[in-house]
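Okay, structure first, notes after.
The values are calculated or read from the model by the stated rules, or taken from the named source; none is laboratory data. This one's a predicted model, so the numbers in the text were calculated from it and none came from an experiment. Neighbour counts run over all protein chains shown; Cβ positions are idealised from the backbone, glycine included.
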């Protein structure tokens, strides 16, 4: 499942040159992951203990104050303890940034990676097709 999140660029996310500061793109990617996991929790019916282990963002085109952006987030790979997400930030049809995020399933008590439970793995694998819009 690809989850599409809509964000609008706020003035505080721009820099002295008037375009979106690079760090703001990471915030947009976080919004995409948050919306994606919200959909997973709805399907699963319970909370999921995850932490961000890695993130990469490649910048393709500038964005500016008040631009409306779409963040597309989808599962690329499900491992033993981790989930790799492919993410893209679009302004209309234009790709402005793309990234990859790796989140790890953790035991909330000991804060260590643990295998993804079967019920979560089933939901993740079952959600790899389709699309959901989150505005």
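Below are the figures for this structure:
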{"read-out": "Condition met for residue 24 (free of Cβ contacts under 8 Å to residues at least 40 places away in the same chain and in contact with a helix residue (DSSP H, G or I) (Cβ under 6 Å, 6 or more places away or on another chain))", "value": "yes"}
{"read-out": "Within the range 32-54, considering residues that are touching a residue at least 40 places away in the same chain (Cβ under 8 Å) and under 20 Å from residue 9 (Cβ atoms), the one surrounded by the most Cβ atoms within 10 Å (Cβ to Cβ)", "value": "32"}
{"read-out": "Subset of the range 1-12 that is over 13 Å from the mean Cα position of the chain (by Cα), in contact (Cβ under 8 Å) with a residue 24 or more places away in the chain and not in a loop (DSSP other than H, G, I, E, B) - its residue that is surrounded by the fewest Cβ atoms within 10 Å (Cβ to Cβ)", "value": "11"}
{"read-out": "Pairs, first in contact (Cβ under 8 Å) with a residue 12 or more places away in the chain in the range 55-76, second surrounded by fewer than 18 Cβ atoms within 10 Å (Cβ to Cβ) and part of a loop (DSSP other than H, G, I, E, B), C-beta under 7 Å, six or more apart", "value": "64/18; 75/128"}
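Every residue, every condition in (1) over 14 Å from the mean Cα position of the chain (by Cα); (2) more than 20 Å from residue 5 (Cα to Cα); (3) modelled with pLDDT under 95, yes or no:
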position: 46; (1), (2), (3): yes, yes, yes
position: 53; (1), (2), (3): no, yes, no
position: 65; (1), (2), (3): yes, no, no
position: 90; (1), (2), (3): no, no, no
position: 102; (1), (2), (3): no, no, no
position: 127; (1), (2), (3): yes, no, yes
